[in-house]
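Readers should treat all values here as calculations from the given coordinates under stated rules, not as data from a laboratory. As the structure is a computational prediction, the values presented were derived from the model and not from experiment. All Cβ positions, even for glycine, are placed from backbone atoms using ideal geometry, and neighbour counts span all protein chains on display.
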Amino acid sequence: MWGVKVNKWRLVSGSVPFAVLANLIPVFAIAGAGIVPGPAAPVNSNAMTDRITDRRCEIGIDSTGQIVVVWHADPTGPNAPYGTDAEIFVARSTDYGATWTAPVPLNSNALNDTAYDDAPAVAGDGSGNWVSVWQSTDDPGWTAGRYNDIFLSRSSDGGATWKKMAKLNSADQPDNRIDSLAKIATDGIGHWVVVWNSMPEVLHVRSYREILVSRSSNNGRTWSAPALIHEAIAADLADETFPRIVTDGRGTWLTIWQSEVTDGADDDDVDIRVSRSTDNGVTWSTPIPINTNHALEDNDNTYPWLTTDRRGNWLAAWMTLDEFDGVPRSRPDIYVAQSFDNGQTWSDPIDVTNDSASRDYIDTYPTLDADGAGNWVVCWTRQRVLSTGLKLDPDIYFSHSRNGGATWTSPALFNSMGTDDSGLDWDPCLATDRNSHWTAVWTSNDVLPGSAGDDDDILHADFTLPQICVERPNGGQQLVIGTKKSIRWNAVGDTGEFVRILLYQNGQKVRRIKNATPNDGQCPWKISPEKFWPGTGFQIRIVPLSASAASDMSDATFNLVMP
C-alpha cells in the first residue's frame, strides 16, 4: 500500500452461491454490451426558459412503471416564481419517460418560505403511494429553526398530487440537531424506513455525525421516534455520513454509509459500513466494513450506493483511491462488492472502471440497480484528464454485469451527446421497474437545441434489457415424480428463438431438462423416475441461447416427491 491520504474528490461544477457463477452466461468484454441508451432529454419541461439551477436529483420507479423524479432547485435570478430560496421540485412520467408533467414544488410552502430545501429522495410502493423526504431549515408552526430538519410529503395517487409537507423527526422539535441527507425505502407491503445523518450541536460545538432511523407502517402518516441505527456508532468517535437504505421486499433491509473511524485500527480514513435489519428497521446488526482491506489502507472510500436483486444477492458501489488490485492510483475509480447471503458477508471489491493502466480518468458518484433477472448496471460520472493536465467536461458512463457483479463490460458513454458537447454532466441516479425498463437521471448544463438552455437542468435517458422471468415452478411447490408438468416463463424484449432449461439442486446444476426448446413461454416436463429423484432445494433455470439476453432462475426452491 502506498499510504497516501487524500481528500474527497469533487467535480468542477432465492440466493445464488459463488459456485454457481461459473454456470451463468459469460459477459462479453465489449463496451456496454446489450445496452443502447436513448437520447438525453430534460425531465424539467421548462428547461429552455427557466433560470433555475436544478441539481441533486433522485429517481423512483415502482412496479407499475410509474416514474417520479425529485430534485433541488435554486433560482439564479431575482424574478423566480417561488422566491430566491431553494425549493424541492417533482415531476412524473407514466409512459417510461416519453413525456413528463410540469415541475412543481414539493415543499408546499414554496411561495412564502425563506428556507433552504435540499437533498431530496423518493420511493413508491407500487400501489400508488409515494413518499419524498428532504432536508430543510424551515420550521413551520413555530419559530424558524436554525438547524436542518427532515421533512416529507406524501402522495396516494401515483404522484399526481402531494400532501402538505410535514416534519418527519417531529419528536425532536424544536431540537439542536443538524439533520441531513435523508434516504427512504419501502417493501411495498406497508413498511417504510428513512435513514439520515444527524449531528448534535451543544453550545455551538458540533459533535460527530451519526445515522438515525425512523419507521412508518401507514404510508408515512406517522413515524416512530428517531433512533440510532446501532448503539455502536455512538461510541466509535466516527463521522457517519451519506447513508442509503434498500430492502429486498422479503424482510431484509440494509443501510450503507461512509464512516470516518478514528479508533486506531482503521486510522482516520473513510470506510464503507453496512448494517442489517430483519424486523423492518426496528433493530439493526452491528455495523461491519465492506471494503475488505479497511484495516490496512488509509485512502478514503466514499459516496456508497446499494442495490439487490431481491433473491439474497446484493451489490454495493463506491468511489475510492484504494489499491485493491495492487495498482497505484492517483485518481478515484468505482469499485463494487458482492454479497450472496443478504449482506452478512462481502466479497473483495472489484474495479468496474477498468482504468488501472492509463489512469486517465476521474471516476466518481456511482449509482446502480438490479432487475432480478440477472442484470446489474452501474452508472457514474467520468472526467478525462489529458496529459497536459487539462480536465475535459464530465460525462455519464455505465457498465453492465450478468453474473452477480463478478465481471463487467468495459465502460461506455451513457449520455448520447457526450461525444461532442462541452457541458457538464454529473451525479447520476439509476432505477429499473424490474420489467426490462431502465431510466437514469442526472444534472447537466448542456445546451440541447430546442429543449434545454445553458443553466443546470435534470436530464434523463432510458433503455431496455431483454430478460427471461421464470413463472412456474417458481418455488414452494411439491412436484410428484411420474407426472407431467408445464414449465412456464415470460420473455421481455428480444430474447431469441430458443432457450435451454436446466435443473438445479442446492445451487448446483444437476440436469439439463431441455437443450433447446422454442422460446414461446411454456414447455412440457415429464418428471420420469428414470431421470429425476426425490429431494428438496430444486430450482429451474431458463437460459436464452441468444447471448444478448439474461437468464432467470426460480425465485425459491421446490421439492420433488414420490407418489
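What does the net charge come to around Y96 if you take all other residues with beta carbon closer than 10 Å to its beta carbon, with K and R at +1 and D and E at -1? Walk me through the numbers before you get to the answer.
On the way: positive: none; negative: D95, D433, D462.
After counting each charged neighbour, the total is -3.
Sort the following peptides by mean Cβ neighbour count (other Cβ atoms within 10 Å, averaged over residues), highest first: 346-354, 377-385, 105-113.
Order by mean packing, descending: 377-385, 346-354, 105-113.
State, as an integer percentage, the relative contact order of region 388-514 based on alpha-carbon contacts under 8 Å between residues 6 or more apart.
That works out to 15 percent.
If we count other beta carbons within 10 Å of each Cβ, what is the order of H460, H230, fewest first?
Sorted ascending by nearby Cβ count, the order is H230, H460.
Which whole-Hz ³J(HN,Hα) couplings does region 37-48 yield from phi under the Karplus relation 6.51 cos²θ - 1.76 cosθ + 1.60, θ = phi - 60°, glycine and proline marked x?
Result, ordered by residue: x, x, x, 6, 8, x, 7, 7, 5, 9, 4, 6 Hz.
Contour minus end-to-end for Q505 and A412, with contour as 0.36 nm per residue of separation and end-to-end as the Cα-Cα distance?
Numbers: separation 93, 0.36 × 93 = 33.48 nm, distance 3.69 nm.
Full-extension gain reported as 29.8 nm.
Just want to confirm a number: the relative contact order over region 469-561, from Cα pairs under 8 angstrom separated by 6+ residues, in percent.
The value is 42 percent.
Determine the percent antiparallel among the DSSP beta bridges restricted to region 469-561, to the nearest 5.
Percent antiparallel among DSSP bridges in region 469-561 is about 90.
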